[in-house]
Every structure is written in structure tokens, then in C-alpha cells.
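Coordinate-derived values only; no laboratory data. Being a predicted model, the structure only gives us computed values, none of them experimental. Here the Cβ positions follow ideal geometry from the backbone for every residue, glycine too, while neighbour counts run over all protein chains shown.
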Amino acid sequence: MLTHVVWDWNGTLFDDLHACVAVANQLLGEFDLPGLTGVADYHAKFRFPIIEYYADLGFDTSPAGNFFQAARRYMELYGAASVQCRLHEGAMEALGAVHEAGVRQVVISASQQDNLRVQLAPFGLDAYLDGIHGIDDIYAASKESLARRWLAEQGLWGDEVLFVGDSEHDFEIAQAVGARCVLFSGGHHARLHLESLGVPVIDDLREVAAFLSQP
């Protein structure tokens, strides 16, 4: 029986896709690298760990390369751009429906913890969320250890949890811990790619509530 929903943040509840494309292009310009041609190009390149995405964009990810400098600069640009971003349409209703069903909810994100709290603060989600969990740095290698630690602390088995995310990484985390997964098409990976992973793909976050009662 499902007792918890684990929400991803960036691209899932938080609608930052177009901001990320714009910021990536600004960053690429600053480093004299070819820009992204649009959302489809971004979707094709974006992946975890983030260092591999940067490598695909043309950054030097060797120990003496410019990846860490670029990642820090990206976060400066993204921090400024993301204040204009809002929740996806239907996000509040989805959180409310899950709450009304008596299912507990947390956010587990590959975003740095302090940045994550700053982004969530304006939206008043405390009434719905039992926890907000981000990683320790800005380099977004993976959130698997974070998810595993949270499950262990809560004394939960994977089959008690539904992961909701927008990327292949969310699917990978759910698979790793034996949890169910639903993927949202409005974020950082294209619907066609998400469909290839073999789990349900939704176009509206309000559809999440329908999965709570499924065996």
C-alpha cells in the first residue's frame, strides 16, 4: 500500500525548463561554446550526472578543466533567473489531492539543500510536505544516496512509495529502491524519451492522485 509520495522539484513541481534553457545558452556564450537550438536540443542533451551533461555541451570536465567554474557560474545565473519561475499548472491541486488522501509527501531533489529551501519558500507548501531534502553541493551527481537514507530513516520499503519526477534519473532512483514511478512530461526530458522507460507518463500533475489507489 502506498503511504508516501516523493516529489522531484526542478521540472516537476517547479516549472523551470525554459529558464534552464536560457541560462544554459547564456553560460555557453560566456564560455564561447555553441548554444542550444531550443528545448528539443536541451531535452536531447540533459542528463545526470550533471557533469556528463556539461561534457556534452562542450565543457572540459577533466580535473584541470572548466566544469567547476562553469557550474558555479550557472548557479549564479540560474539563481537570478529562477525567481521568475512558478509552480507547474496543477501542482498545488496535485499536492492537495495527495494530502487529502492521507498520503504523506516529501521533496527529494538533486538541488543543493539551501538553494532548494530558498526556491520552495515563496509557495507555502509546508501544509503539504513532511520534508524537503536536497544534496550537499551544487554539482548534482545523484540523489540516490539521499533517497536511500530517507527511506531507511523512515523505515519504509520501496513498494510503499511513489516517486514522481520528470527525468530518467527519477526513474533510475525509483528502480534502485524498488519504488513505483510516474513521470511528468512538462520538465527536463521529452515525453518520447520518458515513454521509452516503461512507466506511466502524465501530462498533468493532477493525474498523480489516480495512482494512489492502484495496487
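Some observations on this one:
- With the simple spin-label model, which puts each label point 7 Å out from Cα in the Cβ direction, the Glu100 to Ala81 separation comes to 3.6 nm.
- Relative to the current alpha-carbon distance between Asp114 and Asp41, full extension at 0.36 nm per residue lengthens the span by 23.3 nm.
- Angle between the chain longest axis and helix 91-100 axis [Cα atoms, degrees, rounded to 10]: 30
- Residue-span extension gain [Ser62 to Asp130] - 0.36 nm each, minus C-alpha spacing: 20.6 nm
- Burial ranking of peptide ranges 3-10, 79-86 (average Cβ count within 10 Å, highest at the top): 3-10, 79-86
- With the simple spin-label model, which puts each label point 7 Å out from Cα in the Cβ direction, the Arg148 to Glu195 separation comes to 3.4 nm.
- Shape category assigned to segment 105-215 from the gyration tensor of Cα positions, a/c cut at 1.5: rounded
- Shape category assigned to the chain from the gyration tensor of Cα positions, a/c cut at 1.5: prolate
- Helix-only [θ]222 nm of the chain, DSSP H runs n ≥ 4, -39500 (n - 2.57) each, per residue, nearest 500: -12000 deg cm²/dmol
- Sorting the segments 199-205, 67-73 by their mean number of nearby beta carbons within 10 angstrom, highest to lowest, gives 199-205, 67-73.
- Within the chain, DSSP assigns beta bridges of which about 10% are antiparallel (rounded to the nearest 5).
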